[in-house]
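Take a look at the structure below.
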Amino acid sequence: MKLQHLVSTTDLTREQAIAILDTAIEMSKVNQREIKKLPVLRGKTVVNLFYEDSTRTRVSFEVAEKRLSADVVNVSAKGSSVSKGESLKDTVQTLAAISADIVVMRHGSSGAAQYLAESGWFEGAVINAGDGTHEHPTQALLDAYTLRSRIFGDKTGTGLDGLNIAIVGDIAHSRVARSNLHLLKTLGAKVHLIGPPTLLPKALAVQATTSHFNFDEAIEEIKFDAVMMLRIQSERMNAAFFPSESEYSKFWGLTKSRFTRIGDALVMHPGPMNRGLEIESIAADSPNSTVLEQVKNGVSTRMSVLYHLNAAEGDLS
Ligand code: CP
């Protein structure tokens, strides 16, 4: 199975998504070896082009690329000619001129990755590392990998059929929520969206199995296999979407009381976390929390995505 680009989880069929998760298991075995290297991207140049801040995605892509033997170049808006006002077109044509094979891009504008993939400015592969409030497909893939691994172990060839997954909080501004909604459904899970009316867009609610404004009622009604808490994205808010942080935490946060009532459900968060706002430390640091596992699995999953690109060559031996 080969991909030209990865812009959205809607690009993936169930078979393609499962193939990426299965290959990620093989990559996780490579990551346990003393020499964590494969020749899949030997001779290829990968540019990580980050117009927005990142810790997890940027670092794990860089580690994944290096473990696949790529030549890696990091470009961020600060410290590059982007800060002098250079356009996306001129930046990407510069990268094409130095024969980059793959661009991994994070951008503040929704649709930027699709635009680049279709622009003709750059003939290599484009991976969306988060575009505005639109999508973050590799985050959803690493979340699916984490869920499958925690619940089904190293079983290959399977989706997430029948699992009840809650996505809770600032859904309106979350590219993680959009990518997860599509991918979890593709893999057969039931997706339940929970959040304040101001942060739960109707266009997404109608795509979910259920949607709720009341977190406590949802916990009463549904036995969740996992509860995915979202970061409040204050930097994307141009208005007041809830009365105060303490009100938000009281009604939509994963508090100690709600953590007790979700039983043995997994606690997920893409990071970075606002502790005490959308999630309390008792949940974030509990044995049911997968927060650091998600980061660890991000390396194997991103190695798998890179392996499945047309631009990659070589095998897994
Ligand atoms: N989950 C995520 O995208 O985190 P970063 O912003 O640190 O990359």
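Between the residues Asn164, Phe259, Ser149, the greatest Cα displacement towards the positive end of the dipole of region 137-290, with unit charges on the Cβ of Lys, Arg, Asp and Glu, is found for Ser149. Provide the net charge surrounding Lys223, with neighbours chosen by a C-beta distance below 13 Å and charges set as Lys +1, Arg +1, Asp -1, Glu -1. Result for the local shell: -2.
Could you check how much of the accessible area of the chain is carbon and sulfur, as a whole percent, using a 1.4 Å probe?
Accessible surface attributable to carbon and sulfur in the chain totals 50 percent.
Each residue of region 305-313 was assigned a 3J(HN,Hα) from its phi angle through the Karplus expression (A = 6.51, B = -1.76, C = 1.60, θ = phi - 60°), giving 4, 4, 4, 7, 7, 4, 5, 8, 9 Hz with x at Gly and Pro. Considering only Asn288, Asn180, Asn238, the mean-square fluctuation computed in a Gaussian network model of the chain, springs between alpha carbons under 10 angstrom, is largest for Asn238.
Put simply, the amide H of Val104, placed in the peptide plane, has neighbours under 5 Å in Val47, Asn48, Leu49, Ile127, leaving out anything fewer than 5 places away on its chain.
If you take every residue apart from Phe61 with its C-beta less than 13 Å away from the C-beta of Phe61, what net charge results, scoring Lys and Arg +1 and Asp and Glu -1? Local charge sum for Phe61: +4.
Cross-link pairs exceeding 18 Å between alpha carbons, from the set Lys36/Lys66; Lys2/Lys37; Lys44/Lys66; Lys202/Lys250; Lys190/Lys256: Lys2/Lys37; Lys202/Lys250; Lys190/Lys256. Calculated from the alpha-carbon coordinates, the chain shows an Rg and a Dmax of 19.3, 57 Å respectively. Oblate is the label for region 28-174, because the ratio a/c of its alpha-carbon gyration tensor axes (a ≥ b ≥ c) is 1.5 or higher and a/b is not greater than b/c. Shown in residue order for region 33-42 are the 3J(HN,Hα) couplings computed by the Karplus curve 6.51 cos²θ - 1.76 cosθ + 1.60 at θ = phi - 60°: 6, 5, 9, 8, 9, 9, x, 4, 10, 5 Hz (x for Gly and Pro).
For region 137-290, report the translational diffusion coefficient in µm²/s to the nearest whole number, using Stokes-Einstein at 4 °C, 1.567 mPa s, and a Kirkwood Rh over Cα pairs. Write out the running numbers ahead of the final one.
Details: Rh = 15.4 Å.
Taking Rh from Cα pairs, D becomes 84 µm²/s.
Note on the chain: dipole from Cβ charges, positive end direction compared against Ala100, Ala203, Gly111; the farthest Cα belongs to Ala100. Taking amide H as placed 1.01 Å from N in the peptide plane, Ser109 has its amide H under 5 Å from the amide H of Gly132, each at least 5 places away in sequence or on another chain. Taking every C-alpha pair closer than 8 Å and separated by at least 6 residues, the mean separation divided by the residue count of the chain gives a relative contact order of 23 percent. For region 80-148, a crude dipole built from +1 on the beta carbon of Lys and Arg and -1 on the beta carbon of Asp and Glu, taken about the Cα centre, is about 160 debye to the nearest 20. Rounded to the nearest 20 debye, the dipole magnitude of the chain is 380 debye, with +1 charges on Lys and Arg beta carbons, -1 on Asp and Glu beta carbons, and the Cα centre as origin.
Charge tally for Phe122 (other residues, Cβ to Cβ under 12 Å; Lys, Arg +1; Asp, Glu -1): -3.
Each residue of region 261-274 was assigned a 3J(HN,Hα) from its phi angle through the Karplus expression (A = 6.51, B = -1.76, C = 1.60, θ = phi - 60°), giving 7, 7, x, 9, 4, 5, 10, 10, 7, x, x, x, 8, 9 Hz with x at Gly and Pro. Our helix-only sum for the chain, with -39,500 (n - 2.57) per DSSP H run of n ≥ 4 divided by its residues, gives a mean residue ellipticity at 222 nm of -11000 deg cm²/dmol.
Restricting attention to the chain, close to 5% of DSSP beta bridges with both partner residues there are antiparallel. Between the C-alpha center of region 91-169 and that of region 173-240 there is a gap of 19 Å.
For region 137-290, the dipole from Cβ point charges (+1 on Lys and Arg, -1 on Asp and Glu) about the Cα centre works out to 320 debye, to the nearest 20.
Amide H contacts under 5 Å for Asp53: none, restricted to partners 5 or more places along the chain or on a different chain, H placed in the peptide plane at 1.01 Å from N.
The values are calculated or read from the model by the stated rules, or taken from the named source; none is laboratory data. The model shown is predicted, which means the values in this text are computed figures rather than measured ones. All Cβ positions, even for glycine, are placed from backbone atoms using ideal geometry, and neighbour counts span all protein chains on display. Accessible surface is based on the protein model in full, side chains and every heavy atom, while ligands, DNA and RNA are left aside. Shrake-Rupley method; radii C 1.70, N 1.55, O 1.52, S 1.80 Å.
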